[in-house]
Amino acid sequence: MTGKYRRKIIKGAARNCGALFFAVTLLAFPKESATAGGPKKISDLKGQSLFSLSASDSLKKKPVKFKMKKDPWKAVLYSAVLPGAGQFYNESYWKVGVVAGLGGYFAYGIINNNNKYADYKDRYSQSQTEPNPSGDPQLQAFRDFYRDQRDDFIVYAVILYVANLVDAYVDAQLFDFTVSDHKNFPSGSIRFKLNF
């Protein structure tokens with residue numbers, strides 16, 4: 001596979017790289033406005049939903065305002081300034097090593113391939129003479145190879161950087177989410193009523 005087609009494939013993959021899906025679900029329990037005998041007129045049904053849920057008085061408590069322990073945008077800012085810092089802020093310490101390791105590897109790949117590209121570029125330009133204006137084709141092939149490798153590592157580093165930002169945001173959003181087998185269901189009864 002030549003470097004030209006490889007670059008097209010990588011650019012297409014980077015362009016089509018999907019985003020993570022965030023979902024927030026709001027549950028609303030509309031108040032039961034109909035009397036025990038039902039509505040007297042059709043106009044009394046205006047604004048009511050077809051289904052309504054109501055809980056007994058023992059379940060009615062003051063709503064507690066939820067405050068997240070970690071600010072997602074602060075985590076993104078930390079990761080934007082220093083990749084891996086958002087993961088450290090979110091207390092996902094093992095991810096810091098992953099981001100730092102991959103970032104270091106990609107930086108090494110960029111620098112190493114750029115140095116080899118510059119070396120073969122100079123050698124190729126020196127091989128171009130008046131009797132041979134096209135130069136040494138082997139040196140040209142090496143030059144193009146290392147340029148393509150450098151470009152590939154740049155794409156990988158950009159994908160890692162974006163994934164680092166997205167992971168910091170999602171990890172901060174889910175910081176308060178507990179995954180345990182113990183379920184805390186409220187005690188009391190819940191009635192389901194179908195309004196016609």
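Bear in mind these aren't lab numbers, they're just calculated from the coordinates by the rules spelled out. What you see is a predicted model; the values in this text were computed from it and never measured. Glycine gets a Cβ as well: all are built from the backbone with ideal geometry, and neighbour counts include every protein chain shown.
Projected label points at residue 170 and residue 94, each 7 Å from Cα along the beta carbon direction, are separated by 1.6 nanometres. Charged neighbours of residue 77, selected by a Cβ distance under 15 Å, balance to -1 (K, R count +1; D, E count -1).
A simple spin-label model places the labels of residue 123 and residue 74 5.3 nm from each other, with each point 7 Å out along Cα-to-Cβ.
Each Lys or Arg adds one and each Asp or Glu subtracts one; over the other residues with Cβ under 14 Å from the Cβ of residue 176, this totals +1.
The modelled label-to-label distance between residue 195 and residue 64, using points 7 Å beyond Cα along the C-beta direction, is 3.0 nm.
If Lys and Arg each add +1 and Asp and Glu each add -1, what is the summed charge of the other residues whose beta carbon sits under 14 Å from the beta carbon of residue 94? Charge balance near residue 94 sits at -2. Summary of packing: across the peptides 91-99, 65-73, 165-173, the per-residue average of other C-beta atoms within 10 Å ranks them, highest first, as 165-173, 91-99, 65-73.
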